[in-house]
Amino acid sequence: MKPTKSSKPKKQSEQVHQQVEGVNKKEIKSFIEEQVLSKLGTPDNLNYMKSGNVFDNRWRVDVWCLYDSTTTDVAVKCSKIFHSYFVHVDEDGKIINSSPKIVKEY
């Protein structure tokens, strides 16, 4: 009887491939966020940025900033989206186009 090929090597190679793609996606995500901040400027009240790949090379990038809530008697720091962009990037993660256009504000 001939030995049959094990499916383990294939599964392991698929796992390695997925890990490599995950690292690249994280690097591209950080690179896209850096470009947005470079074009927009860095708000003094920046809390964090959230970005995600919507489809193909199109990303949603949200810039979350802190503000003082005026709905209570006590000053409370809150966070909300101050800027939101839908960006199209090339294969290297460089922003080609954005909606709305990213303009320097800070």
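Rule-based calculations on the coordinates, nothing more; no lab input. Every value quoted in this text rests on a predicted model; they were computed, and no experiment measured them.
A compact table of results
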{"read-out": "Note, ³J(HN,Hα) from phi for segment 29-36, Karplus 6.51, -1.76, 1.60, rounded to Hz, x at Gly and Pro", "value": "4, 4, 5, 5, 4, 4, 5, 4"}
{"read-out": "Potential lengthening between residue 30 and residue 44 on full extension [0.36 nm per residue; Cα-Cα distance subtracted]", "value": "3.1 nm"}
{"read-out": "Prolate/oblate/rounded call for segment 29-106, Cα gyration tensor, a/c under 1.5 rounded", "value": "prolate"}
